[in-house]
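The values are calculated or read from the model by the stated rules, or taken from the named source; none is laboratory data. Predicted, not measured: the structure shown is a model, and the values here were computed from it. Counting neighbours? That spans all protein chains shown, and the Cβs are built from the backbone with ideal geometry, glycine included.
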Amino acid sequence: MKHLFIFLISISFTFSESYLTKADVFLTSTLEGSNNNPSLDIAMEGLALATPFIEFGTAGLNQIRNENLMPSFAATFGVQLPIALGKYIFKRKRPERNYKPKLWNSRFTPSFPSGHAATTAAWATSTALASPRMIPAMIGYVIISGYSQVYVGNHYVSDIIAGWGLGYVVASFIYKLYYNNPGDSGVIPQLRIAIPLP
């Protein structure tokens with residue numbers, strides 16, 4: 001009886017995984033751009049290319065203005081290691097792309113999780129935690145940024161959702177590490193960069 005139960009559970013996971021995979025592929029192909037609207041195509045491609053510059057640039061400028069290590073900087077850069085580990089552990093191939101990009105669009109690394117989505121979620125989460133009035137804007141930014149990656153054919157929907165989850169977890173952990181530590185002495189880590197001058 002025990003072996004039959006294990007067998008039935010295994011079969012159910014197999015079929016559910018197959019069903020979920022098919023649903024993911026179908027949803028991704030449905031949301032992918034069709035090159036029918038040049039203005040929307042350029043806007044989505046531009047957003048897909050611009051988001052890393054927005055996030056790294058904003059986090060970097062925020063850090064330059066502050067002597068203490070800022071959670072947005074730590075989260076935006078700190079999420080890069082788990083992204084790389086996830087990509088090369090899962091080694092998922094990128095989706096078959098039917099969309100024809102008009103701008104430069106690279107797909108060098110594996111697909112899962114989406115590095116763009118994870119970085120966006122990490123930056124947006126840390127920004128929203130620091131300034132709760134920014135929550136609606138950050139949610140909107142995360143959604144449109146993730147959609148742009150599916151629209152241009154770079155990622156499956158599941159890659160985006162996993163990236164969002166990863167970014168949120170990393171940013172929340174870093175924020176709590178800085179501000180909600182019960183044994184906190186009130187000292188925030190400082191980032192000091194020394195540049196030797198000739």
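What the table below lists for this structure:
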{"read-out": "Tally, over region 81-91, of residues that are surrounded by 17 or more Cβ atoms within 10 Å (Cβ to Cβ) and in contact with a Ser or Thr (Cβ under 9 Å, 6 or more places away or on another chain)", "value": "2"}
{"read-out": "Contacts under 7 angstrom Cβ, first residue in region 155-184 being closer than 16 Å to residue 93 by Cα and part of a helix (DSSP H, G or I), partner β-branched (Val, Ile, Thr) and at pLDDT 85 or above, 6 or more apart", "value": "157/150; 160/150"}
{"read-out": "Residue check, residue 125 within 15 Å of residue 82 (Cβ to Cβ), of a type outside the set (A, V, I, L, M, F, W, C) and free of Cβ contacts under 8 Å to residues at least 60 places away in the same chain", "value": "yes"}
{"read-out": "Residue in region 123-135 that is closer than 25 Å to residue 35 by Cβ and either in contact with a Lys or Arg (Cβ under 7 Å, 6 or more places away or on another chain) or in a helix (DSSP H, G or I) (or both) present", "value": "no"}
{"read-out": "Residue 58 vs. criteria touching a residue at least 12 places away in the same chain (Cβ under 8 Å) and either surrounded by fewer than 17 Cβ atoms within 10 Å (Cβ to Cβ) or over 30 Å from residue 176 (Cα atoms) (or both)", "value": "yes"}
{"read-out": "Filter result for the condition that a residue is closer than 30 Å to residue 177 by Cα and touching a residue at least 40 places away in the same chain (Cβ under 8 Å), over 148, 111, 131", "value": "111"}
{"read-out": "Test set (1) touching a Phe, Trp or Tyr at 6+ places or on another chain (Cβ under 8 Å); (2) modelled with pLDDT under 90 - residue 154 fails condition number", "value": "(1)"}
